[in-house]
Structures are given as structure tokens and as C-alpha cells.
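Below is one structure, written out as C-alpha cells; comments come after it.
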Amino acid sequence: MAPSDATLVERLPGDDSGDELRELYRRYSGELFGFACNALGDRELAEEVVQDVFARAWRHAAAYDPGRASVRTWLYTIARNRIVDARRRASVRPGLAPETAPESPGDIDRELEHAVLRWQVAAALARLSPEHREVIRLAHYGGLSLREISEHKGIPLGTVKSRTSYALRTLRLILDEMEVRA
């Protein structure tokens, strides 16, 4: 059985082989890269942020407290802080500054929190079955009524209702497991 995320972090200080860090990287680098890329709009800078997140996680593993947050939340917090730092540096260097007006730290925080939430919801949706994900997509993102989904998919209305109900319950459980608070 694969070790839990918390166990991997607990083992990091004595991880001479790098196996524990590699496993954490395998589990989270993709979603953290997407989050950083979305927040920064720069793939190269996003790659640097992700590398820095795992370097910091390795150096500060002893400070991780599983009672306060999940490993995912801890890594996203590190990433958020690195992104804020990268944006501050970019605003000082004109060549790297975004083309929009400077944002206040509060705006940056809100934008990053929304980006984290979008990525967490996307990750949770990916864990649903294709049938359940499809009814959520059509209802909540496509704006279709349950009756319209039934007609569009050619399935009974009762099936659409039960799939929607099950999908929303499962999604809530997944988001709770991910410690998402919205």
C-alpha cells in the first residue's frame, strides 16, 4: 500500500534517496504547475515556482503539522506565497510586469484563492465517473435544466435526477476530503 501524503512528509527529513520527495512531486506537481501557470500566465515562471515549492517542502518538512492542514493545503499555501513573491518581483522589473494595472495585495490574495478553488473543484470533478461528471457539466456549466439534459442525452429524467444527486453528494465528500472550504 502506498504511504499517505502525511507519512511522506514525515519521512522527508531522513530521505537520503529522494524517493519520498519524488513521490510527493509525482502526486502534486501537475496540479501545482497548473495553479501557478494560471496565476502567473508564464509557464517558465510557474515551473520555477513548483520547483521552489518542493524545495521548501523538503527543507521545512519538520514544520508541517498534519493537525492544521492536509499536505495538499500545505503545498498550495507554499505555492501561493511563492506566486505572490513572483508577482511582486515582476512588478518591480518592468520587463516581467503584467500588462494590467498593479493589483493590491488583497486583490492578489482573492485572485489566488479563487484560482486554488477552481483547481480543487476541477480535481474533484475529475474523480467522478464520466456519467456523473457529464450531468454536472451540463447542469452547472452548460446551464441546462434536468429535463433538457434528459432530452439531450436521451436518458430518462429520473436517471438524470439520480445521477445529479449522487454526483453532488460525491463531489461534496471529495471536497471535504480535500479540506476545501468555500
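Computed from the coordinates by the stated procedures, all read-outs in this text should not be read as laboratory data. These numbers come from a predicted model, not from an experiment. Cβ coordinates were reconstructed from backbone atoms using ideal geometry, including for glycine residues, and neighbour counts include every protein chain displayed.
Numbers below:
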| item | result |
| --- | --- |
| Kirkwood Rh and Cα Rg combined as Rg/Rh, the chain | 1.06 |
| Size of electric dipole in the chain: Cβ of Lys, Arg +1 and of Asp, Glu -1, about Cα centre, debye, nearest 20 | 560 debye |
| Helix-derived mean residue ellipticity, 222 nm - over the chain, DSSP H n ≥ 4, -39500 (n - 2.57), to 500 | -23000 deg cm²/dmol |
| Mean separation of Cα contacts under 8 Å, 6 or more apart, over the residue count of region 1-126: relative contact order % | 27 percent |
| Spatial extent of region 127-182: Rg and Dmax, with the Cα atoms as the point set, Å | 11.8, 36 |
| Segment residue 63-residue 114, extension gain: residue separation times 0.36 nm, minus the distance between their alpha carbons | 15.7 nm |
| Of 115, 8, 126, farthest towards positive along the dipole that unit charges on Lys, Arg, Asp, Glu beta carbons give region 1-126 | 115 |
| Stretch in the chain that is longest and holds no trypsin sites (Lys or Arg not before Pro) that DSSP places in a loop and that have at most 11 other beta carbons within 10 Å | 69-180 |
| Residue among 171, 76, 60 farthest towards the positive dipole end of the chain, charges placed on Cβ | 171 |
